[in-house]
Structures are given as structure tokens and as C-alpha cells.
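The values are calculated or read from the model by the stated rules, or taken from the named source; none is laboratory data. This is a predicted model, so every value here is computed, not measured. Glycine also receives a Cβ, built like all others from the backbone with ideal geometry; neighbour counts cover every protein chain displayed.
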Amino acid sequence: MSEVGLYPVLVVSTILFTTGAIGVLSRKNALIVMMSIELMLNAVNLTFVGFSRHAGNIDGQIFAVFVMAVAAAEAAVGLALIILIFRHRTTVDLNHFNVLRG
Amino acid sequence: MLQAVMFYVFAVLTIISGITVVTRRNPISAAVALVVSFFFLAAMYVMLGAHFVAITQVLVYAGAIMVLFIFVIMLLNLREEGPSPLEEFGVRAVGGLSVAGLVGTGIVVAIESVAYEPMGPIDANFGTIEAVGEAMFGGPYLLPFEIASALLTVAMVGAVVLAKREI
């Protein structure tokens with residue numbers, strides 16, 4: 001990787017993060033919004049690993065592993081919530097999730 | 001030279017599958033594109049010397065989290081309905097694109113403002129399970145590791161309580 005350097009890694013990470021942000025902000029399907037959040041978390045992981053390689057320090061990789069643990073917890077709880085809402089409303093369209101009352 | 005070519009191939013494929021995730025109508029297509037994106041990201045982690053993170057990416061993300069996603073999509077029996085993402089792109093999409101463009105511009109300005117030296121050589125065992133394990137259990141990361149395990153337990157109990165019909 002010494003031929004490539006850190007800069008292209010950061011560019012790829014930026015493009016992935018922005019793609020995920022567009023998905024979160026403009027899609028209506030709750031499941032695809034959650035997948036876009038996973039995409040954003042992965043872009044951040046790529047930055048952590050890139051800087052870890054750049055600095056020759058292992059700490060960034062440990063942070064990447066912690067991000068994965070948090071992402072797993074978030075996916076489990078988020079999908080449980082989507083199942084719960086789907087039972088009440090029979091849709092996963094975010095535009096229909098507009099009341100707090102169940 | 002070969003390494004650089006492989007890196008750019010993986011980078012382009014990661015971005016293409018990432019864009020596919022956001023533009024698909026069918027959630028299953030988006031989920032499969034996301035799995036492809038995770039595999040190419042794992043390849044990029046290997047090229048950056050993070051072997052343990054790459055294996056974890058395949059096992060945890062492509063294996064566990066995406067199976068959960070696909071399981072939920074099939075459980076809910078979602079069909080393609082409504083307008084395609086391109087038609088659905090209305091006011092929300094303009095807002096989304098402008099906010100995301102603003103965030104992206106901020107990141108670009110930040111990464112352009114730093115001078116990058118080329119990456120130096122690394123040890124043969126950089127990023128192996130042994131190195132990550134020593135750093136995680138032999139340093140200041142032992143307490144965060146235990147907190148992460150508590151978080152996973154809480155999330156597991158919470159998910160079961162939320163999704164079960166009667167407890």
C-alpha cells in the first residue's frame with residue numbers, strides 16, 4: 001500500500017459516506033435507510049483502518065472492531081422496531097410513521 | 001504496481017455496489033448489493049494490513065448482520081410497490097442531496113487541508129489476530145471491550161422483548 005498512500009482511501013471513504021447520507025435522507029423504505037446507515041458506518045471504518053495503516057498504530061483497527069459491535073446492536077434493535085411497526089401499520093414507508101401513539 | 005491497480009479496482013467496485021444499495025427499488029437487491037460492497041471493503045482492509053478486521057467484516061457484517069436484514073425482509077414479505085427511487089426523488093431528494101453534498105464538501109475540504117507523506121513499512125504481524133488481541137486485552141481497551149459485550153447483551157434482550165408477541 002506504500003504506492004497508493006492514504007489520500008485515495010480517504011476519497012473512497014468520503015464517496016461511500018456521502019452515498020449513505022443521500023440514502024438516509026432521500027429514501028422512504030425504512031430497511032433501505034438502515035442499510036444506508038450501515039454503509040456510512042463502513043465508510044467510517046475504512047477511515048479508521050486507513051489512518052491505522054498510515055500511522056503504523058493498531059488502535060484504529062480496535063476502534064473499527066468496536067464500531068462493528070455497535071452496528072450489530074443497532075441492526076438488531078432497529079430491525080426489531082421495524083417488525084413491531086410493520087405489525088401495526090403493515091408498511092415500512094417512513095412517511096406513514098407519523099404518530100407516536102401505537 | 002499490481003497492488004495499486006488492485007486497490008483501485010476494489011475501490012471502484014465498492015463505490016458502484018454502494019450506489020446500487022441506495023438506488024434499488026427492491027430491498028433484497030439492495031441487501032445483496034450491500035453484501036457485495038462489504039466483501040470488497042474486506043479486500044481493501046486486507047490491502048491496508050488489517051487482516052483481523054477484514055475477517056471480522058466478512059463474518060460479522062456479511063455473515064451475521066446481512067443475514068438478519070434478509071431474514072427480516074423475507075419475514076415482512078415486502079413487494080416492490082410505489083414509484084421507483086428515481087420517481088420518488090422529489091423534494092426529499094433535493095434536500096437529501098444538498099445536505100449530503102454539504103457534508104461531503106466539508107469532508108473534502110478537511111482531507112485536502114492535510115499534507116500526506118507516503119505510508120511507511122509495517123511489521124509482518126501488523127493487524128494479525130495476535131497484534132489486535134494484545135492491544136485490546138493488554139492495554140486501555142479492556143474496559144471498552146467489556147462495555148461492548150454488555151451493550152450486545154442489552155441489545156439482544158431488547159430486540160427479543162420488542163419483537164416477541166407475548167413475553
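The set of residues in the range B:1-31 that are among the aliphatic types (A, V, I, L, M), more than 13 Å from the chain's Cα centre (by Cα) and farther than 19 Å from A:SER13 by Cα comprises B:MET1, B:LEU2, B:ILE28, B:ALA30. Against the criterion of being modelled with pLDDT under 85, surrounded by 15 or more Cβ atoms within 10 Å (Cβ to Cβ), under 18 Å from B:ARG24 (Cβ atoms) and under 24 Å from the mean Cα position of the chain (by Cα), B:LEU97 qualifies. Taking each residue of the range B:5-17 that is assigned to a helix (DSSP H, G or I) and looking for partners that are of a type outside the set (Val, Ile, Thr) and loosely packed, with under 13 Cβ neighbours inside 10 Å with beta-carbon atoms closer than 9 Å, six or more apart or interchain, yields B:PHE7/A:GLU3.
Residues of the range B:113-139 that are assigned to a helix (DSSP H, G or I), more than 24 Å from the chain's Cα centre (by Cα) and either exposed (fewer than 10 other Cβ atoms within 10 Å of the Cβ) or within 9 Å of chain A (Cβ to nearest Cβ) (or both): B:GLU134 alone. Look at A:ASN98 and say whether it is of a type in the set (S, T, N, Q) and either at the interface with another protein chain (Cβ under 9 Å from one of its Cβ atoms) or not in a loop (DSSP other than H, G, I, E, B) (or both). Judged against the criteria, A:ASN98 is not a match.
For B:VAL22, the test of being more than 26 Å from B:GLU130 (Cβ to Cβ) and more than 7 Å from chain A (Cβ to nearest Cβ) is failed.
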